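Each remark here refers to the structure printed beneath this line.
The values are calculated or read from the model by the stated rules, or taken from the named source; none is laboratory data. Keep in mind it's a predicted model, so treat the numbers as computed, not measured. Methodologically, a virtual Cβ is constructed for each residue, glycine included, from the backbone with ideal geometry; neighbour enumeration extends over all protein chains shown. With ligands, DNA and RNA removed, areas are computed over all heavy atoms of the protein, side chains included. Shrake-Rupley method; radii C 1.70, N 1.55, O 1.52, S 1.80 Å.
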Amino acid sequence: MRIHILKDYEEVSTKAASVVSSQIILKPNSVLGLATGSTPLGMYQKLVEMYNDQMVGFSEVITFNLDEYLGLNPEHPQSYNYYMYNNLFNKVNLSEDRINIPSGDIDKLEEFCKEYDQKIDRAGGIDLQVLGIGTNGHIGFNEPDHILKTGTHVVELAQETIEANSRFFDSLDEVPRRAISMGMSSIMRAKKILLLASGENKAEAIKRTISGEITTEVPASLLQLHPDVTVVVDKKAAKLIG
Ligand code: PGA
């Protein structure tokens, strides 16, 4: 793992955007695995700025998002579809037929999950997977458990995740209990991984990811087995790794 400890969220976002834009510049038809949540927001803003300054283009890029809440339609302001269209997809020249993101209102779930994995395979696998991390060490919505799922699957969200994400909803009861998530094998088969974290509340998860035991109870710890992981964190998130 390459670990970059930077001053603050702003610097994390700049570094993350430069990793993603370099990937696209070196391979214009890159397959990107994308994450949502508060952490990559600054990275998306900077990528949009770079696009507006004609420093990077997305016309050949293919994207696969990690996850989506079940029960929220794509227009719901807290859905990850809404987030991605508002923060990136509608602001750059990504073509609609190259965007892949699970929808929260599909009914043939099993079929959808199988097809999502096949689409990733047909695209040649993910070149660069961007990840945030949950305070419990989840990546995507792969929650701590005694086993982890390999492919795209339906997840029951952990209580810690529901509580952490309730800040985006009017009440705890409104947070969806289920989601669709890419599995660990799609993530681990990505050629490169970029893991981002900011803030003291991620410090324990980052410590357990980087130097803890490899355990399904901390899904991000499996990244220690991946040959090309770049971790970009601010000082607060790096507090326990020195
Ligand atoms: P956050 O979420 O970026 O909103 O902190 C990360 C995650 O839960 O994976």
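Here are the numbers:
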item: Counted residues, segment 144-156 - those being within 12 Å of D67 (Cα to Cα) and either part of a strand (DSSP E or B) or within 15 Å of the ligand (Cβ to nearest atom) (or both); result: 3
item: Tally, over segment 170-208, of residues that are at pLDDT 95 or above and crowded, with 22+ Cβ neighbours inside 10 Å; result: 15
item: Leading residue by the ranking (surrounded by the fewest Cβ atoms within 10 Å (Cβ to Cβ)) among those in segment 55-69 that are hydroxyl-bearing (S, T, Y) and closer than 24 Å to S181 by Cα; result: T63
item: Elements of type strands (runs of 3 or more DSSP E) contained in segment 173-240, each with 1 or more residues being within 28 Å of I106 (Cβ to Cβ); result: 178-181, 192-197
item: Verdict on E115 being farther than 23 Å from A16 by Cα and in contact (Cβ under 8 Å) with a residue 60 or more places away in the chain; result: no
item: Test result for K114, of a type outside the set (D, E), open to solvent by 20 Å² or more (accessible area, probe 1.4 Å) and farther than 20 Å from G57 by Cα; result: yes
item: I120 being within 15 Å of the ligand (Cβ to nearest atom) and of a type outside the set (S, T, N, Q); result: no
item: Restricting segment 133-143 to residues that are surrounded by 22 or more Cβ atoms within 10 Å (Cβ to Cβ) and assigned to a loop (DSSP other than H, G, I, E, B), the residue that is nearest to the ligand (Cβ to nearest atom); result: G134
item: Residue identified as open to solvent by 10 Å² or more (accessible area, probe 1.4 Å) and touching a Leu at 6+ places or on another chain (Cβ under 8 Å) among N87, N52, N93; result: N87
item: Residue within segment 177-187 that is of a type outside the set (A, V, I, L, M), over 30 Å from S59 (Cα atoms) and within 16 Å of the ligand (Cβ to nearest atom) present; result: yes
item: Counted residues, segment 41-66 - those being closer than 16 Å to Q129 by Cα, more than 14 Å from the ligand (Cβ to nearest atom) and in a helix (DSSP H, G or I); result: 1
item: Complete set of residues in segment 70-84 that are in a helix (DSSP H, G or I) and either open to solvent by 40 Å² or more (accessible area, probe 1.4 Å) or polar (S, T, N, Q) (or both); result: N81, Y82
item: Total residues in segment 157-172, condition away from the ligand (no atom under 13 Å from the Cβ) and either of a type outside the set (A, V, I, L, M, F, W, C) or assigned to a strand (DSSP E or B) (or both); result: 3
item: Answer from S38, S13, S22 - the residue that is within 16 Å of the ligand (Cβ to nearest atom) and either surrounded by fewer than 17 Cβ atoms within 10 Å (Cβ to Cβ) or outside any helix (DSSP H, G or I) (or both); result: S38
item: Qualifying residue in segment 116-135 (condition: at pLDDT 95 or above, over 15 Å from the mean Cα position of the chain (by Cα) and closer than 24 Å to H76 by Cα); result: yes
